[in-house]
Amino acid sequence: MKNTLTILFIAVSIVTVNAQTLKDSVNVLYKNYFDLLKSKEKLDTISFKVETFGELMESNNRQIKALTDAELFSLKKQLEQRRKKIINTTEFVFASNASLNAIKQLDATSDYLTQISQLNNPDNSDLGFSLSTEIAKILEKEIIKGHKKINGVKKEKFLSFVDHIIKSPITESITSAIPVVSSIKSVVDLVIGSALKGDDIPLTDVKSLQESLKVYLEHYEGLAKAQTDFEQNIGNLDIRKEGLVLLLTQYTTERSNTLIPNSISEKEKHLSLTQLINTHYTKDIVQQKVDLIINANPSDHNAHLTNNHLKYPNYALNQAKFVRDEIESLSKEYISIFVSYQAALKNVLEKSKNIGDAKKIDSKISELERKLSDVKVAFDDNLNMHKLNVTFNVLMQY
């Protein structure tokens, strides 16, 4: 397990973007898990002593040759509880894996983000203005001023170049607002270049153009910043999620290999957690193996309770609790990131009412809020924390 955690931290340390932030985040995430490992070592020692005591008990029982009915009942009950715990752990692992898989894999999320990306389309008029149209109007007012040519270049040709810059393929293919900002700045550069070639465009007109375009730059830069922050936060969360997948994989491997030694080998490290579960750790597979061991000598409850293959250490429950708690924490943070993104977008759109249609902007804000609500509902349904908590609570009953 310690080797797995070492690999995890090495992987995190090589992340080049916000490496220190990501490392700090993962360090905080697994602080409790290291504490758990320390407890595990202590529990292993205690477990060894208990096993030794069990062997002594078995020796005594052979000498006595018989147990009382009360003792037999107690051992039988303990064995049945052990059996349920081993089998029910498969259900907990299955539910945990399903919840982790739900994070970031939602059609509703894609729909919500698509609505936002459309705001970066220079022809989009959802907010009451189209960037390509607005820039053409501003150029007509501040630069062209009714002239048929700009320093020898026909007005139509000049505007067609501007239109091409704004609607270039890179702007359409990338959802980020940054290409739009770059296109606006390129238009200014084009005008400045034209101004330098003749006397038709004075410096004052260039300054007026820059001032007129400033509000549009602020709008799209605001969208870009909101998106950059969102993607960075989602990326950080994804690092934590993958780390938790590693821990759940290790947990699954330990429980499987305890029951069936080397059932999950080093050669299968390339398999996903879902593949490992389906191949080695379904409820049917584990139940059949447990019952096969017990049914080989059904009346010797004490032997089964001290059988290493049927061992179930207490720290395994602590590990399960850690996994459950972290999944819940990640799910809350995931939604919190979307809520923060929505708040940032709303702030940008509210400030842009002076360049767009206030009613259309309010309508777009309401539409995005409805889409975000759909994301929350779909996420909760797919995450299914209720199912995960039920499997965990059943595991803790015995």
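For a quick check of your reading of the model, give me the residue pairs whose first member lies in the range 140-153 and is touching a residue at least 24 places away in the same chain (Cβ under 8 Å), whose second is in a strand (DSSP E or B), with beta-carbon atoms closer than 9 Å and at least 6 apart or on different chains. Within 9 Å, the pairs are I143/I150.
Is it the case, given these coordinates, that S340 is part of a helix (DSSP H, G or I) and farther than 15 Å from L223 by Cα? Spelling it out, it is not the case that S340 is part of a helix (DSSP H, G or I) and farther than 15 Å from L223 by Cα. Candidates K353, K346, K387, K371: the one that is under 15 Å from F129 (Cβ atoms) and either open to solvent by less than 70 Å² (accessible area, probe 1.4 Å) or part of a helix (DSSP H, G or I) (or both) is K353.
Just one of the numbered conditions (1) of a type in the set (D, E, K, R); (2) out of contact with any helix residue (DSSP H, G or I) (no Cβ under 8 Å at 6 or more places or on another chain); (3) closer than 30 Å to L127 by Cβ is not true of D205: (2).
Do you know which residues across the range 195-232 are of a type in the set (S, T, N, Q) and either open to solvent by 50 Å² or more (accessible area, probe 1.4 Å) or touching a Phe, Trp or Tyr at 6+ places or on another chain (Cβ under 7 Å) (or both)?
The initial filter retains those residues of the range 195-232 that are of a type in the set (S, T, N, Q), namely 204, 208, 210, 212, 227-228, 232.
Listed by number, the residues that qualify are T204, Q210, T228, Q232.
For the range 267-296, which residues satisfy the criterion of being among the polar types (S, T, N, Q) and open to solvent by less than 70 Å² (accessible area, probe 1.4 Å)? Please lay out each step first, then the result.
So in the range 267-296, the residues among the polar types (S, T, N, Q) come out as 272, 274-275, 278-279, 282, 287-288, 295.
Of everything in the range 267-296, those that are among the polar types (S, T, N, Q) and open to solvent by less than 70 Å² (accessible area, probe 1.4 Å) turn out to be S272, T274, T282, Q287.
The numbered conditions (1) open to solvent by 40 Å² or more (accessible area, probe 1.4 Å); (2) touching a residue at least 40 places away in the same chain (Cβ under 8 Å) are all true for I327 except (1).
Residue selection: Q287 satisfies the criterion of being outside any loop (DSSP other than H, G, I, E, B), closer than 16 Å to E80 by Cα, under 34 Å from the mean Cα position of the chain (by Cα) and not hydrophobic (A, V, I, L, M, F, W, C). Of all residues in the range 100-142, those satisfying the criterion of being of a type in the set (V, I, T), at pLDDT 85 or above and either assigned to a loop (DSSP other than H, G, I, E, B) or surrounded by 16 or more Cβ atoms within 10 Å (Cβ to Cβ) (or both) are I116, I135, I138. Only one entry of Y251, Y334 meets the criterion of being over 30 Å from G222 (Cβ atoms), in contact (Cβ under 8 Å) with a residue 40 or more places away in the chain and open to solvent by less than 40 Å² (accessible area, probe 1.4 Å), and that entry is Y251.
The values are calculated or read from the model by the stated rules, or taken from the named source; none is laboratory data. Predicted model, so just to flag it, every value in this text is computed and none were measured. Quick reminder, even Gly has a Cβ in these numbers, built from the backbone with ideal geometry, and neighbours come from all protein chains shown. Accessible surface is based on the protein model in full, side chains and every heavy atom, while ligands, DNA and RNA are left aside. Shrake-Rupley method; radii C 1.70, N 1.55, O 1.52, S 1.80 Å.
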